[in-house]
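What follows is a set of notes on a single structure, which appears directly below.
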Amino acid sequence: MESSQPSLSSSHLDPSSDSDSGDELGPHLTVTQEEQLRVESQVADIYRCLVGVPLHRQSLVLELRREKHIDYLTKGLNQLGHTFQVLDANRPWLCYWILHSYSVLGEAVDSELEGRVVDFLSRCQDKEGGYAGGPGQMPHVATTYAAVNTLVTLGTERALSSINRKGMYNFLLSMKESSGGFRMHQFGEIDARSCYCAISVASLLNILDAELVRGVGDYIASCQTYEGGIGGEPYSEAHGGYTFCGLAAMILIGEVEKLDLPGLINWVASRQGIELGFQGRVNKLVDGCYSFWQGAALALAQKLAPLSKEVSEEKSSIHATRDYSDLGIEFMRRCNQTGPLFHHLALQQYIILCSQILEGGFRDKPGKYRDYYHTCYCLSGLSICQYSCMRDGDLRPSTSDVLGPYSNLLEPVHPLYNVVLDKFYTAHKFFSRSSF
């Protein structure tokens, strides 16, 4: 793949050439088409800032505003405004989005803040197992995933030992359905996301067994569409978030052979558009968060791509005695079998120039406001990009694979769980010491 910076042609990005031309007999654009042209025009205007700028000065334009992002995240840890009341049932997610972003930037929190986070999440932990979106609420598989990832990100003995693993196992088992999928909560929805959250949590905590795995692969396979991507549930439209969730879960349970991997790769790779970022679905606008959801899906496939024909011909070998405890670590021992399956430098350009807010934080796209969700997944996606060309034996990415100054380099994340790699190894060692 060429390492030269991509560019946009602006010849077709002028929305004034649409139905506003006054020609009543001309084509009339849909609202979606008008919004797409508007975004393309905004992105093209931003990319023009690089035109004619000498290479040695482009690094200034392409700099990751690390200190500004840390300031933005620190404010969120200390005090949130009243507008965040709508996220009252998502408070573990706020902990995860902020603390994971800290971790990807190479920052650590002090022991006082760590204690506050552990105490809060302990109040969210249901006595029967699992974590709720806030104290006194019902346990929910998605907020359980967020809480566990937060505690793994903290990585201390206190944080990791606060998790009730036996209660967690019982909670996840109670969410298990005859279809093979998991409910998000009691009487809640069943989809590929809940399957991933449940399997990811069980894998991280070393409580994954045949009973939890039973039927998951068949359920997720039934969610893969004719397009190649994976939908939320059977017969739904392919979606980037669900595609990541489905593929990651299949790897963690060792049943990737049940997916049409070449079709999945083709669908995901086709979602990187003219703006250089990823869209989440066909005919949708670019969105910075899919830098991770789509980028990580391709990073996972990058370790599987040469095996795609081989695994598609294999039969499932899931047995009651299968050991799932090391699948996450074994996956990271595989070297990348091919180069990036997406334009990793182009995606870095979109993240840094179009999603990054110079005052700190990241956004969906130009014209949108920053938030902690997009900050988390833009940084995670940026890390995925930077390490996408790593080969067996490489200690660090080359300078040619990190867009902008090399100081932009982030911590590597485990693409199956989206936690910093060192944090994963610490948790794996901790939970491997004893059975639950």
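The values are calculated or read from the model by the stated rules, or taken from the named source; none is laboratory data. Source: prediction; values computed, not measured. Cβ atoms come from the backbone with ideal geometry, glycine included; neighbour counts cover every protein chain shown. Keep in mind that these areas ignore ligands, DNA and RNA; they rest on the heavy atoms of the full protein, side chains included. Shrake-Rupley method; radii C 1.70, N 1.55, O 1.52, S 1.80 Å.
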Output the residue which, of all residues in the stretch 186-198 that are touching a strand residue (DSSP E or B) at 6+ places or on another chain (Cβ under 8 Å) and crowded, with 21+ Cβ neighbours inside 10 Å, is farthest from K423 (Cα to Cα). A192
Taking into account only those residues within the stretch 244-268 that are more than 22 Å from H414 (Cβ to Cβ) and within 19 Å of the chain's Cα centre (by Cα), which is surrounded by the fewest Cβ atoms within 10 Å (Cβ to Cβ)? N266
Scanning the stretch 352-365 residue by residue, those within 15 Å of D45 (Cα to Cα), more than 18 Å from the chain's Cα centre (by Cα) and open to solvent by 10 Å² or more (accessible area, probe 1.4 Å) turn out to be L353
Among the residues of the stretch 223-243, count how many are surrounded by 23 or more Cβ atoms within 10 Å (Cβ to Cβ) and either in contact with a Phe, Trp or Tyr (Cβ under 8 Å, 6 or more places away or on another chain) or free of Cβ contacts under 8 Å to residues at least 12 places away in the same chain (or both). 6
Residues that are more than 24 Å from D119 (Cα to Cα) and among the aliphatic types (A, V, I, L, M): does the stretch 137-149 have at least one? no
Hey, which of the helices (runs of 4 or more DSSP H) in the stretch 276-350, taking only ones fully inside, have at least 3 residues that are modelled with pLDDT of 95 or more? 290-302, 344-350
Within the stretch 375-398, count every residue that is open to solvent by 20 Å² or more (accessible area, probe 1.4 Å) and either among the hydroxyl-bearing types (S, T, Y) or in a helix (DSSP H, G or I) (or both). 2
Per-region count, the stretch 46-90, residues more than 22 Å from the chain's Cα centre (by Cα) and small (G, A, S): 3
Residues in the stretch 399-414: is at least one surrounded by fewer than 24 Cβ atoms within 10 Å (Cβ to Cβ), in a loop (DSSP other than H, G, I, E, B) and out of contact with any helix residue (DSSP H, G or I) (no Cβ under 7 Å at 6 or more places or on another chain)? no
What number of residues in the stretch 57-97 are surrounded by fewer than 20 Cβ atoms within 10 Å (Cβ to Cβ), touching a Ser or Thr at 6+ places or on another chain (Cβ under 8 Å) and part of a helix (DSSP H, G or I)? 3
Matching entry among V109, V152 (being crowded, with 17+ Cβ neighbours inside 10 Å, within 24 Å of the chain's Cα centre (by Cα) and modelled with pLDDT under 95): V109
Subset of the stretch 384-433 that is under 25 Å from N206 (Cβ atoms) and small (G, A, S) - its residue that is modelled with the lowest pLDDT: S432
Number of positions in the stretch 377-423 that are touching a residue at least 40 places away in the same chain (Cβ under 8 Å) and of a type in the set (K, R): 2
Go through the stretch 223-262 and give me each residue that's acidic (D, E) and assigned to a loop (DSSP other than H, G, I, E, B). E227, E233, E237, E255, D260
For the stretch 424-436, pairs from a residue that is closer than 17 Å to Y169 by Cα to a residue that is exposed (fewer than 13 other Cβ atoms within 10 Å of the Cβ), with Cβ under 7 Å and 6 or more apart or across chains, are F436/K166
Among the candidates I199, I220, residue that is closer than 28 Å to Y102 by Cβ and either without any contact (Cβ under 8 Å) to a residue 60 or more places away in the chain or assigned to a loop (DSSP other than H, G, I, E, B) (or both): I199
Kindly evaluate V39 against the criterion of being in a helix (DSSP H, G or I) and at pLDDT 95 or above. yes
